[in-house]
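Visitor: Let me give you the structure first, and then I'll get to my questions.
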Amino acid sequence: TQLLEQSPQFLSIQEGENLTVYCNSSSVFSSLQWYRQEPGEGPVLLVTVVTGGEVKKLKRLTFQFGDARKDSSLHITAAQPGDTGLYLCAGVSRGSTLGRLYFGRGTQLTVWP
Amino acid sequence: DAGITQSPRHKVTETGTPVTLRCHQTENHRYMYWYRQDPGHGLRLIHYSYGVKDTDKGEVSDGYSVSRSKTEDFLLTLESATSSQTSVYFCATGRVDTAFYGYTFGSGTRLTVV
């Protein structure tokens, strides 16, 4: 059973377009994180959101945590080829072992010049 | 060197042989994890450790064992490798005290079982 569902699984867009990736669950999370992974490397942490309704911005990336802490979204404005990669959401489920992360299956983003 | 080092980076082994993958960290993080990453399945937790000699199973632990004799090193052993264990294996460390600050991942080990 996948605790976190990501959509879409694949996204192929042109440079300059905007996009949104979704991460949904029926479970409540104490915190939720977004990672980006490039080929041949391990995932790298982009952001952690903790409070329901929280919005964080990282340059052209905007992350939002749902009010009920069951979902999150990643919005990229004016995508660039350097944004290409696998985006993973991951959460600490409320009541589970602190430090135990559950991962979504990821969204593979390709941005064409 | 700072961070997390996984060794080897690539390995090809035969079915039925034991294989040990090593993860070394200089972060001094208490928590360490082994994941495997496969197309269509994402990252799945094999085992994790919350301190020296303290380990627990993840969701796909069958056929794997781990050991942690000191803070810096976390070993993953495939007791008798099978083709279904062909995968990319990632080690991660986690900084956890009163809150959880996220994982730092190694660069992975690509294991092929033939």
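Visitor: What whole-number value in cubic angstrom gives the convex hull volume per residue for the C-alpha atoms of the protein assembly as shown?
Guide: Working: hull volume 28.4 nm³, N = 227.
Once divided by residue count, the hull of the protein assembly as shown is 125 Å³.
Visitor: Sort the following peptides by mean Cβ neighbour count (other Cβ atoms within 10 Å, averaged over residues), highest first: B:12-20, B:81-89.
Guide: Values: B:12-20: 12.3, B:81-89: 16.7.
Descending packing order for the listed peptides: B:81-89, B:12-20.
Visitor: Give the shape of region B:1-47 as rounded, prolate or oblate, defined through the alpha-carbon gyration tensor: a ≥ b ≥ c are the square roots of its eigenvalues, a/c under 1.5 means rounded, and otherwise the shape is prolate if a/b is larger than b/c and oblate if not. Show your work: numbers first, answer last.
Guide: Values: a/c = 2.13, a/b = 1.36, b/c = 1.56.
Since a/c reaches 1.5 but b/c is at least a/b, the shape of region B:1-47 is classed as oblate.
Visitor: If you don't mind, there's one more thing I want to ask. Suppose R0 equals 41 Å; then what is the FRET efficiency for B:ARG110 and A:ASP67 from their Cβ-Cβ distance, rounded to the nearest 0.05? Walk me through the numbers on the way to the answer.
Guide: Working: r = 41 Å, r/R0 = 1.00.
So the FRET efficiency works out to roughly 0.50.
Visitor: Right, something else. Compute the whole-percent fraction of alpha carbon pairs in region B:7-114 spaced more than 24 Å apart.
Guide: Working: 1051 of 5778 pairs.
Within region B:7-114, distances greater than 24 Å cover 18 percent of Cα pairs.
Visitor: Also, quick follow-up: With an 8 Å Cα cut-off and a minimum separation of 6 or more residues, compute the relative contact order for chain A in percent.
Guide: Details: 294 pairs, mean separation 41.2, N = 113.
Computed value for chain A: 36 percent relative contact order.
Visitor: What are the ³J(HN,Hα) couplings of region B:31-37, residue after residue, when phi is run through the Karplus curve with 6.51, -1.76, 1.60 and θ = phi - 60°? Round to Hz, x for glycine and proline.
Guide: Per-residue couplings from phi come out as 8, 9, 9, 10, 10, 10, 10 Hz.
Visitor: Right, next: In whole Hz and in residue order, list the ³J(HN,Hα) couplings for region A:3-12 that follow from phi through the Karplus curve 6.51 cos²θ - 1.76 cosθ + 1.60, θ = phi - 60°; x for Gly and Pro.
Guide: 6, 10, 9, 9, 8, x, 6, 10, 9, 10
Visitor: Next question, about the same structure. Given a Förster radius of 35 Å and the C-beta distance between B:ASP56 and A:LEU58 as r, what FRET efficiency does 1/(1 + (r/R0)^6) yield to the nearest 0.05? Write out the running numbers ahead of the final one.
Guide: Values: r = 33 Å, r/R0 = 0.94.
Efficiency computed from Cβ-Cβ geometry: 0.60.
Visitor: In addition: State log₁₀ I(q)/I(0) for chain A at q = 0.09, 0.12, 0.17 Å⁻¹ as given by the Debye formula over alpha-carbon point scatterers of equal weight, solvent excluded.
Guide: -0.21, -0.38, -0.76
Visitor: Would you pull out the residues with amide H under 5 Å of B:ARG30's amide H, same chain only if 5 or more places away, H placed 1.01 Å from N?
Guide: B:VAL96
Each value in this text was obtained by applying a stated rule to the coordinates, not by laboratory testing. Note that the coordinates shown come from a computational prediction; the quantities given were computed from them, not determined experimentally. Glycine gets a Cβ as well: all are built from the backbone with ideal geometry, and neighbour counts include every protein chain shown.
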